[in-house]
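The block underneath contains the structure these notes are about, expressed in structure tokens.
The values are calculated or read from the model by the stated rules, or taken from the named source; none is laboratory data. Note that the coordinates shown come from a computational prediction; the quantities given were computed from them, not determined experimentally. Glycine also receives a Cβ, built like all others from the backbone with ideal geometry; neighbour counts cover every protein chain displayed.
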Amino acid sequence: MGNQNEKTMTRKTSKEKRLEPEFVNVDDVPVAFCRPDESVANGSLAVWLPYLGGNKETGIRELQQLAASGYFAISLDPWQHGDRKGTTTSSLRTRVFKEFRANMWPVLGITTLDTYRVIDWAIATYNLSGDVVAGGVSMGGDIAIALAGIDQRITRVAAIASTPEWTRPGMTDVMDPKKIIDQGIPTHLGEWLYKTLNPMTNRSAYSRAPAMHLEFGATDTHVSPQCALAFKEALEKECPAAAQAITIILNDGCNHLSLIQKHSIAKRAVEFLIG
């Protein structure tokens, strides 16, 4: 019995070691990834992106879950996050919600484009030929949805408390649902990124109907589910197949923060990505 337990422990340790994250810089983008074991590898790629203030390590649990199901799973530091935050001493969150469009739109747009080229790198470097799926939490989900509009390789998107509309009409403070945020004026770069990548105003990019699983807190006024519902409604008129590929789930009793803190919601998103 002692020998059997020892072997079981050795197998478990070996498996855990295989799923340990690895880190690399792709050009100037810090990347974390988990490789699947050869016995389950399916040649597919999964991207998981963090919320505002997160980094490439934030979603390691999700990367490991995806890798355990056969996906080469990657994350990265969004622009101005993690190892890319530079020497600034001011809080990114403070800057973003002081002038949302001037600061958040470049983060969304530049990170979307960075993720696009990181996907290229992963596919070429590790000879991947299967599906590409993308998901994330809050800002990370915003990026995953935008990415699906420009990268036709993406077949499934799972986003938690995220939006296809970067203007976030009526957005309130995440800690105070009665305080509407003055979003300010975008920079010229931010305006270009918005016009080029914002899903709501680029709906034709979704005519190929990537499958989407979007989860919201029913009482979330920071990232309102109404934007996703309006996105789906507009697609129903323009491209019914694209609208039918979108599932929107409203979680009663949840606001923005309580939803993104539920491990069961992240688990359900991962399960959707792995099909």
### Task
Can you run down the residue pairs with Cβ atoms below 6 Å, 6 or more apart or on separate chains, where the first is in the stretch 33-57 and within 12 Å of I119 (Cβ to Cβ) and the partner is among the charged types (D, E, K, R) and in a loop (DSSP other than H, G, I, E, B)?
S44/D131
#### Entry: Odd one out for S129, checked against (1) of a type outside the set (D, E, K, R); (2) buried (at least 17 other Cβ atoms within 10 Å of the Cβ); (3) in contact with a helix residue (DSSP H, G or I) (Cβ under 9 Å, 6 or more places away or on another chain); (4) on the phi < 0 side of the Ramachandran plot
(2)
### Query
Just for the stretch 193-211: of the residues that are assigned to a helix (DSSP H, G or I) and without any contact (Cβ under 8 Å) to a residue 40 or more places away in the chain, which one is farthest from G275 (Cα to Cα)?
K195
#### Entry: Test: residue in the stretch 241-251 that is within 17 Å of S162 (Cβ to Cβ) and touching a residue at least 60 places away in the same chain (Cβ under 8 Å)
no
### Message
Just to check your reading of the model, which residue among F231, F216 is among the aromatic types (F, W, Y), in contact with a strand residue (DSSP E or B) (Cβ under 6 Å, 6 or more places away or on another chain) and not in a loop (DSSP other than H, G, I, E, B)?
### Response
F216
### Task
Test S264 against the criterion of being without any contact (Cβ under 8 Å) to a residue 24 or more places away in the chain and either assigned to a helix (DSSP H, G or I) or not small (G, A, S) (or both), and give yes or no.
yes
#### Entry: Identity of the residue in the stretch 225-275, within 17 Å of the chain's Cα centre (by Cα) and hydroxyl-bearing (S, T, Y), that ends up nearest to L63 (Cα to Cα)
S264
### Matching entry among H263, H256 (being exposed (fewer than 15 other Cβ atoms within 10 Å of the Cβ) and either touching an Asp or Glu at 6+ places or on another chain (Cβ under 7 Å) or at pLDDT 95 or above (or both))
H263
### Query
In the list I110, I143, which residue meets the criterion of being part of a helix (DSSP H, G or I), among the β-branched types (V, I, T) and surrounded by fewer than 24 Cβ atoms within 10 Å (Cβ to Cβ)?
I110
### Task
Sort through Y116, Y194 and tell me the only one that's modelled with pLDDT of 95 or more and either under 30 Å from Q64 (Cα atoms) or basic (K, R) (or both).
Y116
### Message
Within the stretch 1-104, considering only helices (runs of 4 or more DSSP H) that don't extend past its boundaries, which have at least 3 residues that are surrounded by 14 or more Cβ atoms within 10 Å (Cβ to Cβ) and modelled with pLDDT under 95?
### Response
92-98
### Task
Please verify whether the stretch 236-243 includes one or more residues that are touching a Pro at 6+ places or on another chain (Cβ under 9 Å) and outside any loop (DSSP other than H, G, I, E, B).
yes
#### Entry: Inter-residue pairs, beta-carbon under 6 Å, first within 18 Å of L235 (Cβ to Cβ) and in the stretch 150-169, second part of a loop (DSSP other than H, G, I, E, B) and among the acidic types (D, E), 6+ apart
T155/D131
### Task
Could you tell me which numbered condition C254 fails, if it satisfies all but one of (1) touching a Gly at 6+ places or on another chain (Cβ under 6 Å); (2) in a strand (DSSP E or B)?
(2)
### Task
Tell me which residues, restricted to the stretch 116-133, are in contact (Cβ under 8 Å) with a residue 24 or more places away in the chain and among the β-branched types (V, I, T).
V118, I119, I123, V132, V133
### Message
I need the full set of residues from the stretch 65-97 which are in contact with a helix residue (DSSP H, G or I) (Cβ under 9 Å, 6 or more places away or on another chain) and farther than 17 Å from L108 by Cα, in order please.
### Response
Q65, L66, A67, A68, S69, Y71, F72, A73, I74, T88
